[in-house]
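What follows is one structure encoded as structure tokens, with my remarks underneath.
Readers should treat all values here as calculations from the given coordinates under stated rules, not as data from a laboratory. Note that the structure is a prediction, hence the values are computed from the model and not measured. FYI the Cβ positions are ideal-geometry reconstructions off the backbone, even for glycines, and counts take in every protein chain you see.
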Amino acid sequence: MPRLTPAQICYGTLAVVVATVALLAASGTHSLLTISLLMILGLTLGTIAVALAITAPARRGAKPARSRLVAGGRPASAPPVESIAREREGARH
């Protein structure tokens, strides 16, 4: 599993805090048990939000970049070295 970046950790922390504060403000409760349950619910909602945000690029069909090499060890899309040399010679004259 890849490590989280500092931006993802900050986003996760913010998501948990905002979800918890919103739940506590909306409920208006003073009971310790209810506050504890709302804090757990806020932690759960924040964790789910971050998990969905992290996996969003994978769900959109993003494919990792791959390098294909052909004979001679150069990338398949690169022009041959000879043609580059000819272009440089033509530009000098």
Given 37-47, 2-12, the highest-first ranking by average Cβ count within 10 Å works out to 37-47, 2-12
In Å, the Kirkwood hydrodynamic radius from C-alpha pairs for region 1-63 sits at 12.9
